[in-house]
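A short write-up of the structure that comes next.
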Amino acid sequence: MRNKKVTFITQAAVIAALYVVLTFMANALGLANYAVQVRFSEALTILPYFTPAAIPGLFAGCILSNILTGCMPLDVLFGSLATLAGAVGTYLLRKHKWLTPLPPIIANVIVVPYVLAYVYQFEGSIHYFRLTVGAGEVISCGILGMILLFTLEKHAKKAVTF
């Protein structure tokens with residue numbers, strides 16, 4: 001018999017760890033921070049389509065990633081809240097597969113430009129940052145996330161259950 005709480009916590013922890021590792025990979029390539037962000041970890045924001053455990057997993061993974069990559073405290077807070085909002089939105093849209101990447105894209109396009117402009121004081125307008133953040137999120141969530149979704153969905157029937 002499976003213990004649902006243990007499974008939930010384990011899934012959340014694995015997702016958080018994957019988020020951190022993938023953010024570090026993007027960070028090593030110079031893609032995780034600044035005006036244009038292509039965080040490979042953001043592809044994981046489609047995981048609430050499969051399991052609600054992804055919601056706390058993504059939130060914790062984003063908090064840890066932002067702290068460990070040296071982000072400012074307000075970025076840790078608001079960037080992580082944007083990821084949380086996106087994950088919840090994805091979960092709520094799970095019956096509409098093609099819409100699942102939209103909540104994290106929208107949440108980050110709304111929140112992150114203000115972080116870039118006011119926390120980091122990068123040169124550029126909010127509208128410019130919306131374009132750059134939006135482009136990165138479309139790549140991360142829209143393209144990579146949907147590739148991940150269809151790959152996982154294809155293999156989900158073969159998954160081992162305990």
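The values are calculated or read from the model by the stated rules, or taken from the named source; none is laboratory data. All of these numbers come straight from a predicted model, not from anything done at the bench. Counting neighbours? That spans all protein chains shown, and the Cβs are built from the backbone with ideal geometry, glycine included.
Here are some notes:
- Out of 154, 95, sole residue that is charged (D, E, K, R) and either modelled with pLDDT under 95 or surrounded by 13 or more Cβ atoms within 10 Å (Cβ to Cβ) (or both): 154
- Of the candidates 28, 43, 35, 16, the single residue that is modelled with pLDDT under 90, touching a Leu at 6+ places or on another chain (Cβ under 7 Å) and not β-branched (Val, Ile, Thr) is 35.
- Consider the range 73-99 and keep the residues that are aromatic (Phe, Trp, Tyr) and under 18 Å from residue 148 (Cβ atoms). The one that is farthest from the chain's Cα centre (by Cα) is 98.
- Test result for residue 122, surrounded by fewer than 17 Cβ atoms within 10 Å (Cβ to Cβ), part of a loop (DSSP other than H, G, I, E, B) and hydrophobic (A, V, I, L, M, F, W, C): yes
- Scanning the range 27-48 for residues that are under 13 Å from the mean Cα position of the chain (by Cα) and part of a helix (DSSP H, G or I) gives 40, 41, 42, 43, 44, 45, 46, 47, 48.
Rundown of residues vs (1) surrounded by fewer than 19 Cβ atoms within 10 Å (Cβ to Cβ); (2) in contact (Cβ under 8 Å) with a residue 40 or more places away in the chain; (3) not in a helix (DSSP H, G or I), yes/no style:
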residue	(1), (2), (3)
58	no, yes, no
62	no, yes, no
77	yes, no, no
86	no, yes, no
91	yes, yes, no
109	no, no, no
133	no, yes, no
145	no, yes, no
